[in-house]
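Read the figures in this text as sums done on the coordinates, not as results from a lab. Everything quoted here is computed from the prediction, not taken from an experiment. No Cβ is skipped: glycine too gets one built from the backbone with ideal geometry, and neighbour counts run over all protein chains shown.
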Amino acid sequence: MTRTWILPTLFALCGLLVATGLFLGGSRGEAAALLLMFVLLAAMHSSLVFPRSIDAREAQRRSEVDGRPIVYWRPGCKYCLRLRIRLGRRARQLHWVNIWQDPEAAAVVRSANDGNETVPTVVVAGRPHTNPAPPWVREQLASSE
């Protein structure tokens, strides 16, 4: 669980250090703007922008019932963030599984990607798709409704 917060924490700490230096140097406006930028970067790379994760077994169970795709992801992944942002509100309709919180989920991703933990891996009807285009995922979601 702590691995999930390493990158956001580093962004926040770096921003704080740089902003403190600028503030002490007299550039208060610049310090505030830079600190805000680093805090936004930290938030974007945290788990906070993603829908609540569930474990792999629960995601598979729910997907079998409602037919919705499963997205295996991890914090700090720019492709996962791109998928999340491009899906907008529809992202909440998918089943999200953080591979850093669930070893079983990481094993599912490795088995689908020749031993690599390549994310996002989207499973639709039991078939994995590595880093699919957001419009394609949107289509899969629409066909599962």
Percent RCO, i.e. relative contact order, over the range 51-144, from Cα pairs under 8 Å lying at least 6 residues apart: 35
By how many degrees, 0 to 90 and rounded to 10, does the Cα axis of helix 134-144 deviate from the longest principal axis of the chain? 40
Using only Cα atoms, find the angle between the long axis of helix 28-44 and the longest principal axis of the chain, and express it within 0 to 90 degrees, rounded to the nearest 10. 20
So what is the calculated 222 nm ellipticity per residue for the chain, using -39500 (n - 2.57) for each DSSP H run with n of 4 or more, over all residues, to the nearest 500 deg cm²/dmol? -17000 deg cm²/dmol
Where does helix 56-66 land angle-wise versus the long Cα axis of the chain, in degrees 0 to 90, nearest 10? 60
Sorted by number, the cysteines in the chain with no other cysteine beta-carbon under 4.7 Å are 14
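Within 10 Å of each residue's Cβ, count the other Cβ atoms and sort 73, 5 from fewest upward.
Working: 73 27, 5 15.
So the ranking, lowest neighbour count to highest, is 5, 73.
Evaluate the charge dipole of the range 51-144 about its Cα centre and quote only its size in Debye, nearest 20, assuming +1 on the Cβ of each Lys and Arg and -1 on the Cβ of each Asp and Glu.
On the way: 16 positive and 9 negative charges, 104 e Å.
Dipole magnitude for the range 51-144 comes out near 500 debye.
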Give the order of 70, 54, 85 when sorted by the count of other beta carbons within 10 angstrom, beginning with the fewest. 85, 54, 70
